[in-house]
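Visitor: I have a structure here, written as structure tokens, and I will follow up with some questions on it.
Computed from the coordinates by the stated procedures, all read-outs in this text should not be read as laboratory data. Because the structure is predicted, anything quoted here is derived from the model rather than measured. Using ideal geometry, Cβ is built from the backbone for each residue, glycine included, and neighbour counts are taken over all protein chains shown.
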Amino acid sequence: MNRGAATAPVEPGTPLPTVWEIRGGRLALDHPRLMGIVNVTPDSFSDGGQFDTTDAATRHALALVDAGADLLDVGGESTRPGAVEVPEADELRRVLPVIERLVAEAGVPISVDTRKAAVARAAVAAGAAIVNDVSALADPEMAATLADTGAGAVLMHMRGTPATMNQLARYRDVGREVADELRAALRRAKEAGIPVARVALDPGLGFAKRTEHNLQLLRDLSPVLALGRPLVVGPSRKRFLGAVLEGAEPAGRDVATAAACVVGFAAGARVFRVHDVATARQALAVAAAVQAAGAS
Ligand code: HH2
């Protein structure tokens, strides 16, 4: 765990998963991958209402691809702290037309950010390759849906729901507890028949975590990495970055986001869910180049 060191970059030589199987192909993880955020919502915490029509969301998503996004994550429900669940019909109406357009036009794999099995199923039928489930299979139909559709899956750590999670942010050893809870999610996925090669894990920065928990996770992801799956991290514009910056508004946290991505990369994460793809991409290109120089 390297607790005494100032930071805990992944030990040189630690084997990390190099591919992630998603629907219709495999994503190589030999370099950092940028997942651009497309929130088709009126109320997301940093960009709510900016892209809540099909045209605006599609234009924004295509601009993220031009900026270097390797994947696009389309969501129709805010999961910010305190958010209430959006009815299934509304979520479908928001995301499906955008996914259909992006499958035809974007040229990169599309992920759907949803906690609902019915939305996941419809999105994959429309061509989505990945289901990003921040509840890690809480919907009783989700595991079977992932197993039969063949989608890649992101299983993220959270406790409770966005409405209740802040009260559940109590840990003695956040890295170990998050890893234990993700191990249980991975076991549920395997038992439902989802091939493990299709699963990526995410420690859930900002979900049932206080500032210090998010920082501790980024400092040492090794307990989660030990589960042997690719790691996704989503620090983008989150409140813990605002706490470090003593108050910057969410849209003013993109450089801080890029810094958090670099720390996450050094700790072993390979997929980075961000709003500002161009800035994170530049920062991660340097981190990857430094790491490659060390290897030769
Ligand atoms: N964070 C958010 C939403 N989905 N998915 C994964 N895998 N990891 C994350 O950290 C993550 C996520 C929250 O961010 P955002 O989509 O910008 O906000 P909102 O939930 O308000 O739409």
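Visitor: Between the range 115-136 and the range 90-105, how far is it from one alpha carbon centroid to the other, in angstrom?
Guide: Here the answer is 12 Å between Cα centres.
Visitor: Taking the range 173-290, how much of its Cα-Cα pair set, in percent, is spaced more than 26 angstrom apart?
Guide: Tail of P(r) above 26 Å: 21 percent of Cα pairs.
Visitor: Rounded to the nearest 0.05, what FRET efficiency is calculated for His31 and Ala104 with R0 set to 30 Å and r the Cβ-Cβ distance?
Guide: That pair, His31 with Ala104, gives E of 0.65.
Visitor: On to the next question. When only Cα pairs under 8 Å and 6 or more residues apart are kept, what is the percent relative contact order across the chain? Don't skip to the answer; put the middle values down first.
Guide: Details: 616 pairs, mean separation 59.9, N = 296.
RCO, the chain: 20 percent.
Visitor: In percent, how large is the relative contact order of the range 79-169, given Cα pairs closer than 8 Å and 6 or more residues apart? If you can, show how the numbers build up before the last one.
Guide: Working: 133 pairs, mean separation 26.5, N = 91.
Relative contact order for the range 79-169 comes out at 29 percent.
Visitor: Let me ask something else. Under a crude label model (7 Å from the Cα following the beta-carbon direction), how far is Glu88 from Glu141 in nanometres?
Guide: 0.4
Visitor: Starting from the amide H of Ala200, placed 1.01 Å from N in the peptide plane, find each other amide H under 5 Å away whose residue is 5 or more places distant or on another chain.
Guide: For Ala200, the qualifying residues are Ala153, Val154, Leu155.
Visitor: Assuming a ≥ b ≥ c are the square roots of the Cα gyration tensor eigenvalues, decide whether the chain counts as rounded (a/c under 1.5), prolate (otherwise, with a/b larger than b/c) or oblate.
Guide: It is rounded, given that a/c, with a ≥ b ≥ c, falls under 1.5.
Visitor: Continuing with this model, one more query. On each of the three principal axes of the Cα atoms of the range 97-185, give max minus min coordinate, whole Å, ordered largest first.
Guide: 47, 23, 22
Visitor: Within the range 76-105, what residues put their amide N at less than 13 Å from the label point 7 Å along the Cα-to-Cβ vector of Arg188?
Guide: none
Visitor: Counting other C-beta atoms within 10 Å, which of Leu64, Leu201 has the fewest, and how do the rest follow? Working shown, then result.
Guide: Numbers: Leu64 25, Leu201 28.
Result, fewest neighbours first: Leu64, Leu201.
Visitor: Turning to a different aspect of this structure: Using the Karplus equation 6.51 cos²θ - 1.76 cosθ + 1.60 (θ = phi - 60°), what ³J(HN,Hα) coupling, rounded to whole Hz, does each residue of the range 262-278 give in order, writing x for Gly and Pro?
Guide: Values, residue by residue: 4, 5, x, 5, 4, 7, x, 5, 10, 10, 10, 8, 9, 7, 9, 5, 4 Hz.
Visitor: Let me ask another. Does the range 1-102 classify as rounded, prolate or oblate by the C-alpha gyration tensor (a ≥ b ≥ c root eigenvalues; a/c under 1.5 gives rounded; else a/b over b/c gives prolate, otherwise oblate)?
Guide: On the way: a/c = 2.39, a/b = 1.66, b/c = 1.44.
Judged from the Cα gyration tensor, the range 1-102 comes out prolate (a/c at least 1.5, a/b above b/c).
Visitor: With each run of n ≥ 4 DSSP H residues scored as -39500 (n - 2.57), what mean residue ellipticity at 222 nm is computed for the chain after dividing by its residue count and rounding to the nearest 500 deg cm²/dmol? Intermediate results must be reported in sequence, preceding the final value.
Guide: Numbers: 10 runs with 117 residues, N = 296.
Mean residue ellipticity, 222 nm, calculated: -12000 deg cm²/dmol.
Visitor: Still on this structure, please answer the following. What FRET efficiency, computed as 1/(1 + (r/R0)^6) with R0 = 25 Å and r the Cβ-Cβ distance, is obtained for Leu168 and Ala293, rounded to the nearest 0.05? Provide the component values of the computation, followed by the final result.
Guide: Numbers: r = 42 Å, r/R0 = 1.67.
The formula returns an efficiency of 0.05 here.
Visitor: Under 16 Å Cα to Cα from Lys238, which lysines show up? Leave out anything in the same chain fewer than 8 places away.
Guide: Reachable lysines: Lys209.
Visitor: Within the range 153-195, which trypsin sites (Lys or Arg not before Pro) sit in a loop by DSSP and count at most 16 neighbouring Cβ atoms inside 10 Å? Spell out each step's value before the answer.
Guide: On the way: sites: Arg159, Arg170, Arg172, Arg176, Arg183, Arg187, Arg188, Lys190; in loops: Arg159, Arg170, Arg172.
Sites meeting the loop and neighbour criteria: Arg170, Arg172.
Visitor: Let me ask you something else. Could you tell me the relative contact order of the range 103-243? Use alpha-carbon pairs under 8 Å, at least six residues apart, and round to a whole percent.
Guide: Numbers: 235 pairs, mean separation 29.6, N = 141.
Computed over the range 103-243, the figure is 21 percent.
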